[in-house]
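To start, the structure itself, in structure tokens.
Just so it is clear, none of the values below were taken in a lab; they were calculated from the coordinates. Just so we're clear, the structure is a prediction, and the values are computed from it rather than from any experiment. Heads up, the Cβs are rebuilt from the backbone with ideal geometry, glycines too, and the neighbour counts pull from every protein chain shown.
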Amino acid sequence: MATRLRAAGAGRSCTVIGGSGFLGQHMVEQLLAKGYSVNVFDIHKRFESDQVTFFLGDLCDKEALLPALRGVAVVFHCASPAPASDNRELFYRVNFTGTKAVIEACREAGVQKLVLTSSASVVFEGTDIKNGSEDLPYAQKPIDYYTETKILQEKEVLSANDPDNNFFTTAIRPHGIFGPRDPQLVPILVQAARSGKMKFIIGDGKNLVDFTYVENVVHGHILAAEKLHKGSALCGKAFHITNDEPIPFWTFMSRILTGLDYDPPKYHIPYWLAYYLALLLSLLLALLRPLVTIKATFTPMRVALAGTFHYYSCERAKRAMGYSPVVSLDEAIARTVQSYPGLRRARA
Ligand SMILES: NC(=O)C1=CN([C@@H]2O[C@H](COP(=O)(O)OP(=O)(O)OC[C@H]3O[C@@H](n4cnc5c(N)ncnc54)[C@H](OP(=O)(O)O)[C@@H]3O)[C@@H](O)[C@H]2O)C=CC1
Ligand SMILES: CC(C)CCC[C@@H](C)[C@H]1CC[C@H]2C3=C(CC[C@]12C)[C@@]1(C)CCC(=O)[C@@H](C)[C@@H]1CC3
């Protein structure tokens with residue numbers, strides 16, 4: 001590994017924590033293409049590459065992290081339990097306690113830059129956000145455990161910024177990441193369509209939402225790593241990274257569905273009715289959990305996301321790091337639909 005690090009040049013050596021995941025794999029691919037030497041630290045190894053050094057382990061274990069961080073200039077931390085896991089203890093352990101282990105390991109290993117994948121949902125409380133800036137306060141009442149622990153995670157990373165000791169941190173807040181190999185947007189949407197649950201539009205269908213193509217998210221992370229240094233505007237700050245093209249939620253869903261030959265939803269259900277039905281269902285499933293585990297398609301968080309405005313300004317990222325999306329929304333939807341031949345509706 002030391003040879004590879006030297007070959008890439010000290011400044012272009014990195015470790016992607018969560019590198020086996022959806023965003024992580026795209027991150028690894030683009031970093032390699034840019035000439036970085038890349039380590040991956042993840043609890044699973046989900047792909048093969050002779051250009052990558054894999055370190056398997058739990059990010060909550062600082063001693064397991066250290067070998068993967070020694071000698072690298074930049075750490076990208078994009079690991080998290082899946083939002084749908086709804087497991088508070090797991091979220092707290094990985095996103096909060098685990099992130100503190102990541103920070104300690106970075107400091108001990110002499111890593112200079114830590115780029116966290118946070119989330120735009122850290123300010124979302126289920127009410128409309130239109131062109132929200134990073135100055136919005138953290139959600140006082142997060143809708144789910146995932147968001148609750150992403151807030152704790154981001155606060156830890158940004159407060160760890162320590163320029164006097166050459167340790168610089170920043171957080172990237174994407175929203176609604178989609179693209180090839182996404183495990184939680186398109187597959188869940190298709191599953192809902194296949195089980196006949198996608199006949200209704202929640203609300204009036206006019207609510208604008210940010211959906212961000214995965215290559216744009218990666219581009220934002222790499223820009224942040226390259227612009228993060230002593231005295232830069234990125235130190236200890238969070239930045240929205242979006243496609244900068246907010247789209248009606250149900251227009252996006254319909255374009256993915258029709259792109260895969262499924263019928264788009266056409267009837268309307270009032271938002272408040274959908275939300276309280278989802279809340280009732282979540283309470284019922286919580287009561288039944290000791291007996292049976294059932295995953296709801298329409299959780300309160302998903303209904304809130306489907307029925308409210310929530311799009312964010314990425315002006316701060318444009319100013320501080322020269323960010324602009326590299327793939328347009330139209331092109332991104334086309335590439336995504338093309339990448340899922342196995343999810344296309346079987347023709348009769
Ligand atoms: N998807 C989206 O729309 C958005 C995602 N984000 C953030 O982007 C990041 C990446 O998301 P995404 O790629 O979708 O998620 P994935 O679940 O696809 O990838 C996360 C990776 O981290 C791994 N991981 C989980 N827990 C641990 C642990 N304790 N130790 C080591 N590795 C672990 C996962 O392994 P395993 O699969 O076994 O759990 C997985 O390989 C996350 O931080 C998420 O919060 C932010 C905004 C939007
Ligand atoms: C109503 C339908 C059943 C919805 C089907 C699609 C949903 C599974 C996705 C639509 C918006 C997505 C989304 C996320 C996960 C998948 C969706 C709910 C996140 C919660 C993932 C993690 C984040 O950090 C948030 C910013 C995402 C918000 C959008």
Can you tell which of D162, D263, D330 shows the greatest fluctuation in a Gaussian network model of the chain with Cα springs below 10 Å? D330
Using the Cα centre of the chain as origin and beta-carbon charges of +1 (Lys, Arg) and -1 (Asp, Glu), tell me which of N166, A139, L189 is placed farthest towards the positive end of the dipole. L189
With Rh as the Kirkwood radius over Cα pairs, the stretch 171-211 has Rg/Rh of 1.04
Using a 10 angstrom cutoff on alpha carbons, build the Gaussian network for the chain and name the most mobile of R88, R12, R316. R88
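How do 335-347, 235-247 rank on mean C-beta neighbours within 10 Å, highest first?
The densest-packed peptide leads the list: 235-247, 335-347.
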Going from the fewest other Cβ atoms within 10 Å to the most, one would list D210, D135, D58 as D135, D58, D210
In whole Å, how far is the Cα centre of the stretch 11-35 from that of the stretch 149-206? 18 Å
Name the residue from I103, F124, P81 whose Cα lies farthest towards the positive end of the charge dipole of the stretch 78-134, charges +1 on Cβ of Lys and Arg and -1 on Cβ of Asp and Glu. I103
Would you list D144, D204 from fewest to most Cβ contacts within 10 Å? D204, D144
P(r), alpha carbons of the stretch 190-348 - 10 Å bins starting at zero, rounded %: 10, 29, 29, 22, 9, 1, 0
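Fewest first, what order do L279, L114 take by the number of other Cβ atoms within 10 Å? Each step should come with its number before you reach the end.
On the way: L279 13, L114 27.
Ordered by Cβ neighbours within 10 Å, fewest first: L279, L114.
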Which value, in debye to the nearest 20, gives the size of the charge dipole of the chain about its Cα centre, when Lys and Arg are +1 and Asp and Glu are -1 at the Cβ? 480 debye
Percent breakdown of C-alpha pair distances by 10 Å bin, ordered from the shortest bin, for the stretch 30-166: 11, 38, 33, 16, 1
If one compares the long axis through the Cα atoms of helix 271-288 with the longest principal axis of the Cα atoms of the chain, the angle in degrees, nearest 10, works out at 70 degrees
Using the Kirkwood radius over Cα pairs, work out the Stokes-Einstein diffusion coefficient for the chain at 10 °C and 1.306 mPa s, in µm²/s as a whole number. 76 µm²/s
From the residues V72, H44, F54, which one has its Cα farthest along the dipole of the stretch 34-80 in the positive direction, the dipole being from +1 and -1 charges on Cβ of Lys/Arg and Asp/Glu about the Cα centre? V72
Quick calc: nm separation of the 7 Å Cα→Cβ label points for H268 and N87 -> 4.1 nm
Once the piece of chain linking L279 and D61 is laid out straight, how much longer is it, given 0.36 nm per residue of separation minus the C-alpha distance between them? 74.9 nm
How big, in percent, is the set of alpha carbon pairs in the stretch 260-348 lying more than 20 Å apart? 65 percent
